[in-house]
């Protein structure tokens with residue numbers, strides 16, 4: 001017999017189902033999500049925790065007329081399945097398949113594209129105000145996790161929404177987690193809410209008690225209101241949101257479809273901004289994910305029956321970073337570590353255990369993390385801030401204004417630089433070289449292997465001014481210790497050749513070396529340069545290479561516009577040396593999702609791609625020579 005899920009072509013089909021059928025559908029959705037993610041990898045635990053909430057939302061609201069905005073979007077797999085993408089769900093996060101996050105281009109039910117945390121309230125408020133300006137009467141709902149509420153942008157949106165007083169519903173999906181366990185005062189506040197008496201019962205009790213006070217004039221009335229407010233602050237957990245201008249519903253069981261529907265129906269009838277606080281269990285319905293929601297937040301493929309995750313192989317760059325920083329911190333008590341809600345992802349969990357008093361998880365608050373580090377550096381400490389490349393974009397002003405302008409000794413450890421793979425456009429680290437290399441006072445470097453990374457990190461924590469290391473996701477390639485000392489702005493030649501030079505940075509250095517080996521077998525003998533530093537550049541080395549070769553291929557896993565290759569062009573232009581330069585990197589477009597090796601191959605950033613680029617140049621040179629035209633440079 002066909003299941004209910006096969007009969008759901010869109011969210012409108014939910015409104016014909018009774019409670020028992022919705023509960024059955026919830027189980028089918030969980031099974032579909034678990035079975036698919038076991039093969040493709042993906043954000044498992046977050047999506048398992050929101051199945052009933054998704055069904056309640058789509059059975060109460062009428063998408064696409066009503067607008068549902070998911071924060072981050074890694075909890076939206078059930079939403080995808082019931083909005084017409086069930087047949088494509090097996091292609092989740094695969095090259096050419098559907099995205100792991102909401103995308104406006106993918107479905108009329110994805111009302112706002114997401115991927116970074118804390119954006120939903122601001123975006124939903126924009127949609128709500130646009131509705132008011134256009135004379136509409138549809139509902140707008142933001143679904144935000146309690147982890148995303150640690151981000152300042154969420155509070156900027158809440159603050160503005162409370163002032164605007166437009167009709168807007170904010171659903172807080174409270175599972176006490178972001179990727180790792182939540183931290184901070186807000187997390188403690190919501191924990192108290194979880195165990196406090198139900199809001200409306202307490203509010204009714206207080207109001208009933210105060211109504212017995214004899215009314216003898218305005219003064220007593222105002223006093224009664226003050227008493228009511230005082231009692232409310234003592235016993236009503238939603239007071240924070242009410243002070244911001246919201247009507248508060250909750251907390252309510254986020255896995256009870258009946259109760260959720262009743263609360264959401266009530267929220268629809270309340271004028272002005274409303275908060276619905278739903279308590280959920282991350283990983284609900286799959287015991288391995290319930291027991292270890294952090295490990296199953298965004299796993300790769302895993303064994304469905306046992307929940308066994310793939311065992312780790314060689315250490316990743318994140319692990320090398322964490323181990324090296326821990327070793328350096330044993331020698332220098334000034335070294336501190338800061339992360340933005342990602343102690344595990346950035347490799348800092350071991351540092352946190354070793355030095356709990358010198359480790360700071362600030363929540364999903366990248367801007368705060370950088371300025372917090374600037375304050376620590378101003379007081380003489382050596383803070384190291386570990387943040388993913390795409391998330392560091394959110395702290396750009398703080399890097400410029402608070403760190404580099406004051407020339408403070410903050411180290412930026414930029415994880416997931418370059419192609420990250422399945423998370424796609426919102427997570428590819430394709431812009432950090434572009435937005436950092438021109439900032440004064442900042443030393444910007446990229447290691448070619450694990451040993452060079454350790455040398456760079458050691459140099460960074462010793463620098464008096466700001467520095468940044470960018471490194472990719474995945475396995476850290478082993479390499480021999482640098483043969484020459486690591487000096488700021490000094491690159492190195494790894495292989496001497498002629499006519500063609502491959503000037504690479506970071507992850508593409510070993511790729512360039514392998515490509516050079518293949519090219520040599522074809523009669524082409526490239527020089528290979530490990531630039532090491534993007535700022536400052538090794539201008540002397542570039543001049544020497546450019547003056548002795550016909551063409552320079554700059555290789556970077558960053559946007560070619562304004563990146564490392566552009567810096568090389570600027571350097572040569574200032575010296576007056578004329579040499580053909582071919583920029584190889586990420587083209588000026590957002591990079592889609594898919595396995596990282598497949599994405600790199602599609603972009604020509606793997607060994608065959610580089611070999612083909614050089615062969616095409618050599619073929620063009622040969623054709624030009626045969627035609628008597630000479631080198632067109």
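The numbers here are math on the coordinates, done by the rules we state, and not lab data. What you see is a predicted model; the values in this text were computed from it and never measured. Counting neighbours? That spans all protein chains shown, and the Cβs are built from the backbone with ideal geometry, glycine included.
Across the chain, Cα pairs under 8 Å and at least six residues apart give a relative contact order of 11 percent. Evaluated on segment 492-626, the Kirkwood hydrodynamic radius is 15.0 Å, with distances taken between all distinct Cα atoms.
Of all DSSP-defined beta bridges confined to segment 317-470, some 5% are antiparallel rather than parallel. Classification of the chain by its C-alpha gyration tensor yields a prolate form. The axis ratio a/c (a ≥ b ≥ c) is 1.5 or more, and a/b outweighs b/c.
Listing 538, 344 from fewest to most neighbouring C-beta atoms within 10 Å gives 344, 538. What the pair-distance distribution of segment 482-530 shows, using all Cα-Cα distances binned every 5 Å from zero, is 5, 22, 30, 22, 12, 6, 2, 0 percent. According to the square roots a ≥ b ≥ c of the eigenvalues of the Cα gyration tensor, what is the shape class of segment 387-457, taking rounded for a/c under 1.5, prolate for a/b larger than b/c otherwise, and oblate for the remainder? Verdict is oblate for segment 387-457. Against the longest principal axis of the chain, how steep is helix 539-548, in degrees 0 to 90 to the nearest 10, with axes from Cα atoms? Long axis of 539-548 versus the principal axis of the chain: about 50 degrees.
Rounded, prolate or oblate: pick one for segment 317-470, where a ≥ b ≥ c are the square roots of the eigenvalues of its C-alpha gyration tensor, a/c under 1.5 means rounded, and failing that, prolate if a/b is larger than b/c, else oblate. Rounded, since a/c falls under 1.5. The angle between the Cα long axis of helix 257-269 and the main principal axis of the chain comes to about 80°, on a 0 to 90 degree scale. Distance from the Cα centre of segment 436-456 to that of segment 480-530, in angstrom? Going from one Cα centre to the other spans 17 Å.
Report note on the peptides 581-590, 388-397: ranked by the mean count of other C-beta atoms within 10 Å, highest first, their order is 388-397, 581-590.
DSSP assigns beta bridges within the chain; of those with both partners inside it, close to 10 percent run antiparallel.
Fewest-first ordering of 138, 111 by other beta carbons within 10 Å of each residue's beta carbon gives 138, 111.
Show me the ranking of peptides 602-614, 41-53 by mean Cβ neighbours inside 10 Å, starting with the highest.
Values: 602-614: 18.2, 41-53: 26.9.
The densest-packed peptide leads the list: 41-53, 602-614.
Computed over segment 285-355, relative contact order equals 25 percent, with contacts defined as Cα pairs under 8 Å that lie 6+ residues apart. Ordering 268, 330 by the number of other Cβ atoms within 10 Å of each residue's own Cβ, fewest first, gives 330, 268.
In whole angstrom, note down how far apart the Cα centers of segment 81-152 and segment 553-587 are. A separation of 37 Å, based on Cα centres. Once the Cα atoms are used to define both axes, helix 366-378 deviates from the longest principal axis of the chain by about 70 degrees.
With the highest mean first, a sort of the peptides 76-82, 431-437, 244-250 on other beta-carbon atoms found within 10 angstrom per residue produces 76-82, 431-437, 244-250.
Helical content of the chain, expressed as a calculated mean residue ellipticity at 222 nm, amounts to -12500 deg cm²/dmol (DSSP H runs of 4 or more residues, -39,500 (n - 2.57) each, divided by residue number, nearest 500). Based on C-alpha pairs under 8 angstrom that are at least 6 apart in sequence, segment 317-470 has a relative contact order of 23 percent. Based on alpha-carbon centroids, what's the gap between segment 24-45 and segment 292-317 in Å, whole number please? A separation of 15 Å, based on Cα centres.
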